[in-house]
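Here the structure comes first, spelled out in structure tokens, and everything after it is commentary.
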Amino acid sequence: MTNLGGSKMSQHKQIRIALNNCGVIDPENIKEYIARDGYLALGKCLTEMKPEDIIREIKDSGLRGRGGGGFPAGLKWEIAAKNQADQKYVVCNADEGDPGAFMDRSILEGDPHAVLEAMAICGYSMGATKGLIYIRAEYPLAIERLKIAIEQAREFGLLGKNLFGTDFEFDIEIRYGAGAFVCGEETALIHSMEGLRGEPTIKPPYPAESGYFGKPTNVNNVETYANVPIILRKGANWFNKIGTEKSKGTKVFALAGKIKNVGLVEVPMGTTLREVIYEIGGGIENDKKFKAVQTGGPSGGCLTEKHLDTPIDFDNLVQAGSMMGSGGMIVMDEDNCMVSVAKFYLEFTVEESCGKCSPCRIGNKRLYELLDRITQGKGEMEDLKRLRNMSNVIKDTSLCGLGQTSPNPVLSTLDNFYDEYVAHVVDKKCIAGQCKDLMTYFVIEENCVGCTACARVCPVGAITGEKKEVHYINPEICIKCGACEERCKFDAIIVK
Amino acid sequence: MTKIKTLADLERIKNEMRSDKDLNGSQDNSENAVRIKVGMGTSGIASGARDVMDFLTEALEKRNIEAVVSQTGDMGYSYAEPTIEVRKPGQKPVVFGYVDVKKADLIIEKYIKLGEEVEGIIPVNYQTIDD
């Protein structure tokens, strides 16, 4: 399945391309980047290649957008190159917003010049002289290192006028976002940079035709750019041997959740979820049972045991009911309630919806309320149908990618964990023991010695009982804080 | 700084940075120096990498060990932050995880000085583009 770039098969599951310099060079020293062949690709492009040759190389490499959508990068560049204008722009989307994702931040903190170099190459190939990096203000260290990198690149004549003795000029500015999730959507991102509200607009027109201030604009994600200099150095034919038929190269994932080796991994496309979670990630924390893995952030879905051997690529993940997304991968174990997981993502979406279109603004709020009711034990079977219907309507009618994908966590949990929903609705039980409203604390009479420790720690006085006699928890008063269970030394209190 | 105008200019800086290919671009080309990189991404710093870096810089100088301590980005092992890479002259680099000041002290005394094993080594688990 996976061919490792023509070299001998390695025992390692990871190949570091986008992370090539991350954790290797000092990101605040441009010379260390140059020592690792940095800016060589830019130099070669400017002195030896025509813009159309570069675009062909990127197209041949099969590089697809790493921000989530997976649109072919070379095609995007080509469209922007073909549109004539007095000014064009190259934009780097560093508005990483998925909960648990930190790939882009790590690349910018560890290898900022790779992104600058790629943007300059993109500028040359499409005829743009200005680059803008849209980054969230919550990433102060990444911003600091980018500023240093831009300053050093200017000092070395690698940004500015007459690059490599040619008449090509290119410079880069940083623009700050306030960390709104919707601003990762390219039209909303552009509006935010223009000083307008960060709201999306209908595509077409695509940014490649009419983007920043109406000019042709190419928007790519940090990780997409980080691949570019290496593709041009090693050649499209080196790159496109890695990965699967339709998804070339590698993908960086931020492994998080109930996994032993939380961290960054970069694997060839086509690696299975099992390899990532068990072989690289070291398996589930405390050796609990694997339950699901969430990919694609709030736009993605939860994949289960049966998907573990699915080779990861753009198309397979969509087929399995999730998506690649920007690369967040959150692993869940038996203690995670899947209804609560769906509720968590919906809460995020409701918070982040820009409010421009009603399906997203109102629909997601209603979805959230339904989920909230179910986790409180107030749901009915009819609600499960309502969830599905409403999810489909929101997907079909929302204006931008945020609303079009926000019901995915609901749909994928309904598909894969329907029994768990039914348990909440019919039996009023949360198997994972996460929904407080569905739990009851009991005293096991045989174990209780009547030490009164639980009664003393109970903040609401729900526990009664004489000294040296069995105690009793009044479920009407109990707020399920769990303090008694924690305090009891005799394992006499359990939760069901 | 004269501006880079040609590919030869890039090559010149590259050569200046590493007379020895294995030195991985540190400005000090001394072959006898111990080279230490401290993972200083957000997660490293949040776990105390800055203290570790300050300690290493100071302690190595005090103990008269020729060394170059530099910062680098996230090595990817968030679960084991702070992480450092130690390369003794003529040897392969070794990455240590869970390095606090106490552990850093142990690494200097045991691994760097005596070549003894110290717990917390993270084996290389990836290929590079040059492999």
**OP:** Could you please tell me which pairs satisfy a Cβ distance under 9 Å, a separation of 6+ or placement on different chains, a first residue in region A:468-489 that is not assigned by TED's automatic domain parsing to the domain that holds A:N447, and a second residue that is not in a loop (DSSP other than H, G, I, E, B)?
**Re:** none
**OP:** For region B:1-44, name all the residues that are at the interface with chain A (Cβ under 7 Å from one of its Cβ atoms) and modelled with pLDDT of 85 or more.
**Re:** B:K3, B:I4, B:K5, B:T6, B:L7, B:L10, B:I13, B:K14, B:G39, B:G41, B:T42
**OP:** Pick out, from region B:35-124, the helices (runs of 4 or more DSSP H) lying fully within it that include 2 or more residues that are buried (at least 20 other Cβ atoms within 10 Å of the Cβ) and in contact with a Pro (Cβ under 7 Å, 6 or more places away or on another chain).
**Re:** B:49-62
**OP:** Output yes when any residue across region A:199-222 is modelled with pLDDT of 95 or more and within 14 Å of another protein chain (Cβ to nearest Cβ), and no when none is.
**Re:** yes
Subject >> Residue pairs meeting the criteria (Cβ under 6 Å; at least 6 apart or on separate chains; first among the basic types (K, R), in region B:80-105; second open to solvent by less than 30 Å² (accessible area, probe 1.4 Å) and in a strand (DSSP E or B)) >> reply: B:R87/B:R35; B:K88/B:V34
Original post:
So which residues in region A:395-412 are part of a loop (DSSP other than H, G, I, E, B) and either open to solvent by 20 Å² or more (accessible area, probe 1.4 Å) or basic (K, R) (or both), if there are any at all?
Top reply: A:L399
Original post:
Listed residues A:T295, A:T304, A:T272, A:T310; which is among the β-branched types (V, I, T) and in contact with a Pro (Cβ under 8 Å, 6 or more places away or on another chain)?
Top reply: A:T272
Original post:
Hey, does region A:52-60 have a residue that's within 20 Å of A:V265 (Cβ to Cβ) and either buried (at least 22 other Cβ atoms within 10 Å of the Cβ) or within 24 Å of the chain's Cα centre (by Cα) (or both)?
Top reply: no
Subject >> Unmet requirement for A:N286, which otherwise passes all of (1) polar (S, T, N, Q); (2) surrounded by 24 or more Cβ atoms within 10 Å (Cβ to Cβ); (3) at pLDDT below 95 >> reply: (2)
**OP:** Only residues that are aliphatic (A, V, I, L, M), closer than 21 Å to A:I79 by Cα and in contact with a Ser or Thr (Cβ under 8 Å, 6 or more places away or on another chain): list them for region A:203-247, please.
**Re:** A:A208, A:I231, A:A236
**OP:** Filter region A:70-86 down to the residues that are touching a strand residue (DSSP E or B) at 6+ places or on another chain (Cβ under 9 Å) and part of a loop (DSSP other than H, G, I, E, B), then identify the one that is modelled with the lowest pLDDT.
**Re:** A:G70
Original post:
Out of (1) farther than 24 Å from A:S247 by Cβ; (2) more than 14 Å from chain B (Cβ to nearest Cβ); (3) open to solvent by 10 Å² or more (accessible area, probe 1.4 Å), what's the single condition that is false for A:E78?
Top reply: (1)
Original post:
Taking A:A18 and the conditions (1) modelled with pLDDT of 95 or more; (2) within 7 Å of chain B (Cβ to nearest Cβ); (3) under 19 Å from A:W238 (Cα atoms), which numbered condition does it fall short on, given that it satisfies the others?
Top reply: (2)
**OP:** Inspect region A:54-70 for any residue being within 14 Å of chain B (Cβ to nearest Cβ) and either in contact (Cβ under 8 Å) with a residue 60 or more places away in the chain or not hydrophobic (A, V, I, L, M, F, W, C) (or both) and give the result as yes or no.
**Re:** yes
Original post:
Which residue out of A:C357, A:C337 is within 30 Å of A:S192 (Cβ to Cβ) and either open to solvent by 10 Å² or more (accessible area, probe 1.4 Å) or in contact (Cβ under 8 Å) with a residue 40 or more places away in the chain (or both)?
Top reply: A:C357
Original post:
Does A:A118 fit the bill of being away from chain B (no Cβ under 13 Å) and closer than 25 Å to A:N29 by Cβ?
Top reply: yes
Original post:
Of all residues in region B:116-131, how many are away from every other protein chain (no Cβ under 14 Å) and either without any contact (Cβ under 8 Å) to a residue 12 or more places away in the chain or among the polar types (S, T, N, Q) (or both)?
Top reply: 3
Original post:
In region A:24-39, what residues are in a helix (DSSP H, G or I) and in contact with a helix residue (DSSP H, G or I) (Cβ under 6 Å, 6 or more places away or on another chain)?
Top reply: A:I30, A:K31, A:Y33, A:I34, A:A35
**OP:** Evaluate region B:90-106: report whether one residue or more is more than 28 Å from A:L255 (Cα to Cα) and at pLDDT below 95.
**Re:** yes
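Filter region A:150-180 for residues that are among the polar types (S, T, N, Q) and in a loop (DSSP other than H, G, I, E, B) and give the result.
Pass one, region A:150-180, residues among the polar types (S, T, N, Q): A:152, A:162, A:166.
Of everything in region A:150-180, those that are among the polar types (S, T, N, Q) and in a loop (DSSP other than H, G, I, E, B) turn out to be A:N162, A:T166.
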**OP:** List every residue pair whose Cβ atoms lie under 9 Å apart, where the two residues are 6 or more positions apart in sequence or sit on different chains, the first residue falls within region A:131-159 and is at positive phi, and the second residue, located anywhere, is aromatic (F, W, Y).
**Re:** A:G157/A:F164
**OP:** Note down all Cβ pairs under 7 Å where the first residue falls in region A:373-394 and is closer than 16 Å to A:T413 by Cα and open to solvent by 90 Å² or more (accessible area, probe 1.4 Å), the second is hydrophobic (A, V, I, L, M, F, W, C) and assigned to a helix (DSSP H, G or I), and they're at least six residues apart or on different chains.
**Re:** A:R386/A:L370
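The values are calculated or read from the model by the stated rules, or taken from the named source; none is laboratory data. All values reported here derive from a predicted model rather than from experimental measurement. All Cβ positions, glycine included, derive from the backbone under ideal geometry; neighbour counts span all protein chains shown. We work out accessible area using only protein heavy atoms, side chains counted, and drop any ligands, DNA or RNA first. Shrake-Rupley method; radii C 1.70, N 1.55, O 1.52, S 1.80 Å.
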